[in-house]
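Enquirer: What follows is a structure written as structure tokens; I'll ask about it next.
The values are calculated or read from the model by the stated rules, or taken from the named source; none is laboratory data. In this text, all values refer to a predicted model and were calculated from it rather than measured experimentally. All Cβ positions, even for glycine, are placed from backbone atoms using ideal geometry, and neighbour counts span all protein chains on display. Keep in mind that these areas ignore ligands, DNA and RNA; they rest on the heavy atoms of the full protein, side chains included. Shrake-Rupley method; radii C 1.70, N 1.55, O 1.52, S 1.80 Å.
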Amino acid sequence: MPQEPELLAQRRANMEALARLGVDLYPHEFARTHTVDELVGTFGARSRDELELERIEATTAGRILAIRSFGKAIFLVISDGRSRLQVYLRQDSLPERDFQVARLLDLGDFVGASGRLFRTRTDEFTLWGSSLTFLAKCLVPLPEKWHGLQDIEIRYRQRYLDLIVNPDSRRVFEARSATLAALRAFLDARGYLEVETPMMQVLAGGALARPFVTHHFALDMKLYLRIAPELYLKRLLVGGLERVYEINRNFRNEGISTQHNPEFTMLEFYQSYSNYLELMDMTEQMLSEVAVKVTGGEEVGFCGHRLSFRPPYRRLAMRPAVCEEASRRLGRPVEERECRDLKAARALARALGVPIEPAMGPGKITAEIFEALWEPQLIQPTFVYDFPTEVSPLSKQRPDDPDTVERFELYAGGFELANAFSELNDPAEQRRRFEQQLRQREGGDEEAHQMDEDYILALEHGMPPAGGEGIGVDRLVMVLTDSRSIRDVILFPLMRPRKE
RNA sequence: GGGCCGGUAGCUCAGGGGUAGAGCAGCAGACUUUUAAUCUGCGGGCCGUGGGUUCGAUUCCCACCCGGCUCACCA
């Protein structure tokens with residue numbers, strides 16, 4: 001029989017001593033007149049004389065983060081998660097039992113206290129306790145007060161500990177909430193309808209990625225967790241909902257990295273009678289507004305850079321950008337037709353040292369070259385537009401150039417934040433694109449798009465011209481909170497379970 | 001999946017082939033305005049797991065587990 005670790009046994013002993021005093025260890029409620037944050041916010045700036053004059057009585061509660069005991073007097077620091085407040089307990093100011101309770105407290109316990117606000121000799125804003133109520137026991141020792149919780153694995157696995165001791169972590173998730181609210185406010189103000197579409201789909205479409213597979217017993221059918229909501233949102237355009245958006249989780253069965261979590265939050269919005277050029281302007285307005293609401297300004301610090309979300313953003317057409325950078329690196333003029341011809345594109349990739357697969361066509365090769373040459377240097381918000389049709393099975397072609405689609409991606413901080421295009425609404429062309437994807441799938445590309453007859457049927461009923469966009473919300477929050485890893489902006493990122 | 005780095009007390013971290021170290025936290029005592037409280041004393045460890053080398057391994061070697069960064073795939 002393993003012995004209970006000493007630190008846990010000591011806390012349990014304190015709890016049992018409280019029980020012997022007749023203390024309710026887990027009372028059902030506690031009525032506060034103020035939260036700690038309200039007390040600090042409302043009265044924390046009052047001078048000592050003002051507090052003496054006003055004699056403000058208050059009842060508040062929180063978790064104990066520090067105990068400084070002087071025998072017949074005890075200072076507690078309690079927190080409501082937002083702010084911290086010192087509570088002064090002295091034997092001659094409290095009922096006898098309350099002081100006995102105070103002596104049995106451990107760091108991390110929850111308590112409530114009533115008393116009068118004052119300032120100590122050292123000018124600390126403090127509640128002079130006249131009663132103390134035990135509210136909940138913390139049976140496990142918390143991380144240290146001074147260094148906080150550094151172990152990144154525990155921060156992710158036991159996020160509650162991170163939130164208790166690392167105020168910066170809490171701020172990140174407050175900023176995340178503010179980001180979602182700001183995105184919704186922006187779209188709501190423009191007449192968008194927020195909708196929810198299936199997360200479990202018969203066919204995982206709308207993006208190019210490997211899906212998670214599950215099974216429904218009653219219907220005895222295979223189901224996929226969605227990799228994107230796109231094709232359902234566009235069915236709603238067919239249904240006459242002219243402006244729709246969805247903020248929800250996507251699931252992709254791919255690698256995990258500082259920029260990838262298997263489940264991640266995506267905003268997708270679609271606007272009838274719009275196109276990718278309008279969406280660029282709208283994206284600039286949206287991100288500017290969101291940045292101001294979340295961080296207080298259009299400029300944000302990210303990984304040592306100052307990113308400016310003040311419009312307009314730089315705009316780079318993909319093939320000309322590839323030619324420009326390739327010319328610079330190769331020391332000879334590279335022409336756009338080299339990006340459109342398979343043999344020339346292969347040669348170009350080889351010359352630039354960009355790895356490619358035999359099955360890739362010139363469009364895919366061009367996109368690969370672009371990412372290799374440009375992505376790391378796209379720190380300031382930048383629109384990359386006019387993608388090869390080959391890599392964009394759901395986008396509408398340019399009227400003057402069928403090899404190019406009206407599509408852009410927004411880069412910031414060195415990675416992709418958004419993807420948008422004029423939506424392909426011609427069912428016959430959509431069928432041809434799916435068929436092209438099927439050929440790529442047969443060529444070994446697991447992520448090529450599947451044929452979706454039901455979606456084509458929807459298009460056959462007529463979809464108005466429209467623009468649509470997806471924004472990686474986690475990545476946006478990363479940029480707005482200067483977080484290096486996507487795991488820092490997801491409360492419970494996926495971790496391999498611990499053994500035993 | 002490949003490469004590099006890490007895992008030692010509740011937390012933050014040193015250390016190193018021969019009894020395991022510090023600070024904070026904890027326990028006992030003193031102290032009725034402290035605030036990283038202070039002072040005195042005391043506990044606390046499967047040194048990630050399993051093998052191997054060795055008289056002896058927490059230390060060296062191998063494998064594995066968990067994590068971080070990075071590359072590849074992707075958003």
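Enquirer: Within segment A:105-120, track down each residue that is near RNA strand B (Cβ under 8 Å from one of its atoms) and either open to solvent by 20 Å² or more (accessible area, probe 1.4 Å) or under 40 Å from the mean Cα position of the chain (by Cα) (or both).
Expert: Hits for segment A:105-120 are A:Asp106, A:Leu107, A:Arg119.
Residues are listed down the side, and each one gets a yes or a no for (1) within 30 Å of A:Ile456 (Cα to Cα); (2) among the aliphatic types (A, V, I, L, M):
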{"residue": "A:Val238", "(1), (2)": "yes, yes"}
{"residue": "A:Glu284", "(1), (2)": "no, no"}
{"residue": "A:Val290", "(1), (2)": "no, yes"}
{"residue": "A:Arg306", "(1), (2)": "no, no"}
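Enquirer: Could I ask something else about it? Looking only at segment A:437-472, how many residues end up being under 14 Å from A:Leu394 (Cβ atoms), within 16 Å of RNA strand B (Cβ to nearest atom) and touching a helix residue (DSSP H, G or I) at 6+ places or on another chain (Cβ under 8 Å)?
Expert: Matching residues across segment A:437-472 total 6.
Enquirer: Further, regarding this structure: Can you tell me which of A:Asp168, A:Asp92, A:Asp151, A:Asp123 is of a type in the set (D, E, K, R), more than 10 Å from RNA strand B (Cβ to nearest atom) and open to solvent by 30 Å² or more (accessible area, probe 1.4 Å)? Walk me through how you get there before you give the answer.
Expert: Values: A:Asp92 fails: more than 10 Å from RNA strand B (Cβ to nearest atom); A:Asp151 fails: more than 10 Å from RNA strand B (Cβ to nearest atom); A:Asp123 fails: more than 10 Å from RNA strand B (Cβ to nearest atom).
Going through A:Asp168, A:Asp92, A:Asp151, A:Asp123 in turn, the sole match is A:Asp168.
Enquirer: Scan segment A:345-359 and tell me whether some residue there is of a type outside the set (A, V, I, L, M) and surrounded by 21 or more Cβ atoms within 10 Å (Cβ to Cβ). Outline the logic, then answer.
Expert: Taking segment A:345-359 first, the residues of a type outside the set (A, V, I, L, M) are A:346, A:350, A:353, A:355, A:357-358.
This time we only want the ones that are surrounded by 21 or more Cβ atoms within 10 Å (Cβ to Cβ), so: none.
Looking through segment A:345-359, none of the residues is of a type outside the set (A, V, I, L, M) and surrounded by 21 or more Cβ atoms within 10 Å (Cβ to Cβ).
Enquirer: Select from segment A:36-67 the residues that are open to solvent by less than 60 Å² (accessible area, probe 1.4 Å) and outside any strand (DSSP E or B) and list them in ascending order.
Expert: Answer for segment A:36-67, where residues must be open to solvent by less than 60 Å² (accessible area, probe 1.4 Å) and outside any strand (DSSP E or B): A:Val36, A:Asp37, A:Leu39, A:Val40, A:Phe43, A:Gly44, A:Ser47, A:Leu51, A:Ile56.
Enquirer: In segment A:16-32, what count of residues is obtained for those that are out of contact with any Gly (no Cβ under 8 Å at 6 or more places or on another chain), open to solvent by less than 80 Å² (accessible area, probe 1.4 Å) and away from RNA strand B (no atom under 11 Å from the Cβ)?
Expert: 7
Enquirer: Checking the structure you have, find out if any residue of segment A:130-143 is surrounded by fewer than 16 Cβ atoms within 10 Å (Cβ to Cβ), within 9 Å of RNA strand B (Cβ to nearest atom) and not hydroxyl-bearing (Ser, Thr, Tyr).
Expert: yes
Enquirer: While we're looking at this one, here's another question. Report, ordered by the first and then the second residue, all pairs with beta carbons closer than 6 Å, sequence separation of six or more or different chains, a first member in segment A:478-496 that is within 8 Å of RNA strand B (Cβ to nearest atom), and a second member that is acidic (Asp, Glu) and modelled with pLDDT of 95 or more.
Expert: Cβ pairs passing all conditions: A:Ile486/A:Asp474.
Enquirer: A further question follows. Taking the stated definitions as given, is A:Glu6 free of Cβ contacts under 8 Å to residues at least 12 places away in the same chain, within 12 Å of A:Leu132 (Cα to Cα) and either among the small types (Gly, Ala, Ser) or out of contact with any helix residue (DSSP H, G or I) (no Cβ under 6 Å at 6 or more places or on another chain) (or both)? Lay out the reasoning, then the answer.
Expert: Details: free of Cβ contacts under 8 Å to residues at least 12 places away in the same chain: yes; within 12 Å of A:Leu132 (Cα to Cα): no; either among the small types (Gly, Ala, Ser) or out of contact with any helix residue (DSSP H, G or I) (no Cβ under 6 Å at 6 or more places or on another chain) (or both): yes.
In short, no.
Enquirer: Sort out which residues of segment A:61-79 are farther than 24 Å from A:Pro143 by Cα and in contact (Cβ under 8 Å) with a residue 12 or more places away in the chain, and write them in order of number. Spell out the reasoning first.
Expert: First, the residues of segment A:61-79 that are farther than 24 Å from A:Pro143 by Cα: A:71-73.
Within segment A:61-79, A:Lys72, A:Ala73 meet the criteria.
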